[in-house]
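> Input: one structure, supplied below.
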Amino acid sequence: MFLSDLTIKEYIDKGKIVIDGGCEIETTGISLHLGSELLIPKPYQIVDSSNPKEIEYIKYNLTQTPYVLRPNEFVLGSTKEVVKTDKDILTIIDGRSTYARLGMSIHLTAMVLDGVPFNKESSVLEIKNNGVFNILLHPGEKVGTYLFSLLSTPIQKNKESVYENQNRITPPSFI
């Protein structure tokens, strides 16, 4: 069961959902905004999960100049919002349809945020331009929505992750 705006507001008031960095409640979620920094992967690196090495990125500050995301380009971003929920709430990222119609996605596979019930985290966005347009990325721009779903029972297991407590863009880790 997905939560409506009324239930989301009630859960925020009760502290079951905590949002830092601004909170814009929509009909079925919370607006998700792009943070102020991007990581741009240096091209042609070899990534080998059985022999992991640190992947090289260029940091890009969006507050100085918007970034031009070119066709077929991929970058990492993060959300302005930092989210935490109770362990009976599942958080999901949903991309904004306006950008999808231009060919841009903000998450490639990891739409369920399985660390949010355990930690207060910003969300890393895997931003890909699959279209033919150059798309300007601005800090604070609405790029999606956080959706919340009530689980049948609270999560009992503990979660350990290399991405635990991420509050910035976190590159992939095979360690």
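> Taking segment 106-132, which residues are buried (at least 19 other Cβ atoms within 10 Å of the Cβ), of a type in the set (S, T, N, Q) and modelled with pLDDT of 95 or more?
Listed by number, the list holds a single entry, 129.
> Does residue 80 satisfy the criteria of being buried (at least 16 other Cβ atoms within 10 Å of the Cβ), among the basic types (Lys, Arg), modelled with pLDDT of 90 or more and more than 20 Å from residue 2 (Cα to Cα)?
yes
> Return the total of residues in segment 31-72 being surrounded by fewer than 11 Cβ atoms within 10 Å (Cβ to Cβ) and outside any loop (DSSP other than H, G, I, E, B).
Of the residues in segment 31-72, 2 are surrounded by fewer than 11 Cβ atoms within 10 Å (Cβ to Cβ) and outside any loop (DSSP other than H, G, I, E, B).
> For segment 1-30, how many residues are outside any loop (DSSP other than H, G, I, E, B), within 17 Å of the chain's Cα centre (by Cα) and of a type in the set (D, E, K, R)?
Step one: list which residues in segment 1-30 are outside any loop (DSSP other than H, G, I, E, B), which gives 2, 5-14, 17-20, 25, 30.
After this cut, where a residue has to be within 17 Å of the chain's Cα centre (by Cα) as well, the list is 17-20, 25, 30.
When the remaining residues are screened for being of a type in the set (D, E, K, R), the result is 20.
Adding up the residues that qualify gives 1.
The values are calculated or read from the model by the stated rules, or taken from the named source; none is laboratory data. These numbers come from a predicted model, not from an experiment. Here the Cβ is made from the backbone with ideal geometry for all residues, glycine too, and neighbour counts use every protein chain on show.
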